[in-house]
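Trainee: My questions all concern the structure below.
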Amino acid sequence: MADVQELLYTLIEVLIAVGCCLGNMFVIWAVWKHRALRKPTYYFVMSLAVADFLVGAVTVPLAVLVDGRVHTSFHNCLFISCVVIVPIQASVLSLLAIAIDRYLCVRIPLRFKRVVTLRRVWIVVGVCWLSAGVLGFIPLFGWNNHESLMKSVNSTTITCAFITVVPMSYLVNMIFFSCFLPPLAIMAVLYFCVFTSIRRKLRGRGVAPESNLYYHKERRLAGCLTLVLVLFIISWLPLHIMNTVTFYLHARIPHSLVRLGILLTHVSSAINPVVYAFKIPKIHSAYRSLWKRVFHCFKEPPKDQKSQSVDMSNYTNSTSRKDQTKMTLHTTSLQARNERN
């Protein structure tokens with residue numbers, strides 16, 4: 001029975017990883033290639049998509065690996081576990097950057113393009129990823145279970161398990177209370193201000209039709225990004241709550257329930273591209289363009305048919321020119337006869 005559960009868990013993780021990689025690869029491609037998506041907001045969305053892609057390409061495989069499946073040294077296991085954390089922190093910070101971007105777009109629409117330049121956007125994206133790396137690798141600098149584990153283990157190698165090397169105090173006090181809840185609170189306030197401001201401006205009298213259309217588009221985009229945030233919260237809260245209960249109440253959570261929470265966090269990264277496709281028209285059209293290229297949905301006529309059509313058009317043009325020449329000569333001869341008479 002245990003082997004069946006292991007196999008099922010691994011299979012689900014593989015499917016999630018494939019979904020994360022494919023879906024977010026489309027998002028990255030769409031933003032990078034389509035001129036209509038080369039805007040600050042979509043670059044932040046691309047940063048989130050890169051983080052979600054890395055969840056599928058790096059976090060999921062390593063999470064399966066550090067689930068007691070390999071034997072290695074403590075510090076090797078700790079390094080792998082820290083790598084698992086980095087894309088998750090990058091996701092949180094990218095979501096925060098998106099919320100700030102939406103707030104500025106609504107609050108200072110006339111100065112937004114001058115304030116939020118592409119250069120500043122890339123600086124913010126770089127800071128987000130650098131911060132995610134620092135936060136994720138904190139356990140390497142001493143906040144880990146090395147001393148307590150080495151007292152109970154005589155060998156230099158251990159069965160590598162994430163929870164064995166990374167202390168629960170770090171996961172709860174640092175990741176949850178310091179790096180998860182405060183950004184979420186800030187994002188909630190920012191999106192509340194965004195929707196309140198949009199509603200007030202749409203209700204105002206004397207608003208130009210162009211401004212009305214602008215705020216309707218902003219409300220639709222903000223609604224989509226808020227949905228992404230809500231799904232992220234729903235996906236991550238159960239695991240964080242289980243960690244908090246384990247740390248403070250010393251309760252023993254069933255391993256199967258913990259795994260379910262882990263799967264839920266990984267699913268979040270696979271869902272986001274689907275949300276973009278259905279909720280953001282520009283990304284939806286970019287997806288369609290990509291699918292047409294991948295599956296050759298638009299078919300060019302065969303070369304023979306093309307050459308035949310070209311030959312026919314040339315023949316038609318030459319024939320029409322000959323007819324026009326004949327008509328001109330005939331008209332000229334008639335005029336000459338009339339003048340003689």
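Trainee: Do you know which residues across region 108-146 are among the hydrophobic types (A, V, I, L, M, F, W, C), part of a loop (DSSP other than H, G, I, E, B) and either in contact (Cβ under 8 Å) with a residue 12 or more places away in the chain or in contact with a strand residue (DSSP E or B) (Cβ under 7 Å, 6 or more places away or on another chain) (or both)?
Mentor: Within region 108-146, VAL116, PHE137, TRP143 qualify.
Trainee: Further, regarding this structure: Among the residues of region 147-178, what is the count of those that are assigned to a loop (DSSP other than H, G, I, E, B) and either of a type in the set (D, E, K, R) or closer than 20 Å to PHE79 by Cα (or both)?
Mentor: Quick first cut of region 147-178, residues assigned to a loop (DSSP other than H, G, I, E, B) only: 153-156, 166-167, 177-178.
Going one step further and asking which of them are either of a type in the set (D, E, K, R) or closer than 20 Å to PHE79 by Cα (or both), we end up with 153, 155-156, 166-167.
The qualifying residues number 5.
Trainee: Of the residues LEU15, LEU37, LEU65, LEU96, which single one is surrounded by fewer than 23 Cβ atoms within 10 Å (Cβ to Cβ) and without any contact (Cβ under 8 Å) to a residue 24 or more places away in the chain?
Mentor: Result of the check over LEU15, LEU37, LEU65, LEU96: LEU15.
Trainee: Which number in (1) free of Cβ contacts under 8 Å to residues at least 40 places away in the same chain; (2) over 18 Å from GLY68 (Cβ atoms) marks the one condition that ILE175 misses?
Mentor: Among (1) free of Cβ contacts under 8 Å to residues at least 40 places away in the same chain; (2) over 18 Å from GLY68 (Cβ atoms), ILE175 violates only (1).
Trainee: Go through (1) part of a helix (DSSP H, G or I); (2) at pLDDT below 95 one by one and return the number of the condition GLY68 breaks.
Mentor: So GLY68 meets the others, but not (1).
Trainee: Would you point out the residue of region 10-34, among those that are small (Gly, Ala, Ser) and within 17 Å of ALA286 (Cα to Cα), that is modelled with the highest pLDDT?
Mentor: Selected residue: GLY23.
Trainee: As an exercise: evaluate SER94 against (1) touching a His at 6+ places or on another chain (Cβ under 9 Å); (2) modelled with pLDDT of 95 or more; (3) not acidic (Asp, Glu) and give the number of the one condition it does not meet.
Mentor: Result: SER94 fails condition (1) only.
Trainee: In addition: Of everything in region 208-261, what is closer than 30 Å to LEU11 by Cβ and outside any helix (DSSP H, G or I)? Give them in sequence order.
Mentor: ALA251, ARG252, ILE253, PRO254
Trainee: Go through region 40-89 and count every residue that is farther than 16 Å from CYS21 by Cα and among the small types (Gly, Ala, Ser). Steps first, answer last, please.
Mentor: So in region 40-89, the residues farther than 16 Å from CYS21 by Cα come out as 40-44, 64-83, 85-86, 89.
Subsequent filtering for residues that are among the small types (Gly, Ala, Ser) retains 68, 73, 81.
Counting residues in region 40-89 that are farther than 16 Å from CYS21 by Cα and among the small types (Gly, Ala, Ser) gives 3.
Trainee: State whether the residues of region 46-62 include one that is of a type outside the set (S, T, N, Q), surrounded by fewer than 21 Cβ atoms within 10 Å (Cβ to Cβ), out of contact with any Lys or Arg (no Cβ under 6 Å at 6 or more places or on another chain) and without any contact (Cβ under 8 Å) to a residue 12 or more places away in the chain.
Mentor: No, that holds for no residue.
Trainee: Now, a different point. For the condition surrounded by 12 or more Cβ atoms within 10 Å (Cβ to Cβ) and modelled with pLDDT under 95, what is the one hit in LEU225, LEU213, LEU171, LEU135?
Mentor: Details: LEU213 fails: surrounded by 12 or more Cβ atoms within 10 Å (Cβ to Cβ); LEU171 fails: modelled with pLDDT under 95; LEU135 fails: modelled with pLDDT under 95.
Checking each option against the conditions leaves just LEU225.
Trainee: When region 230-244 is examined, which residues are found to be of a type outside the set (Phe, Trp, Tyr), touching a residue at least 40 places away in the same chain (Cβ under 8 Å) and surrounded by 19 or more Cβ atoms within 10 Å (Cβ to Cβ)?
Mentor: HIS240, ASN243 - these are the residues of region 230-244 that are of a type outside the set (Phe, Trp, Tyr), touching a residue at least 40 places away in the same chain (Cβ under 8 Å) and surrounded by 19 or more Cβ atoms within 10 Å (Cβ to Cβ).
The values are calculated or read from the model by the stated rules, or taken from the named source; none is laboratory data. The shown structure was predicted, so the numbers you read here are calculated from the model rather than taken from an experiment. Glycine also receives a Cβ, built like all others from the backbone with ideal geometry; neighbour counts cover every protein chain displayed.
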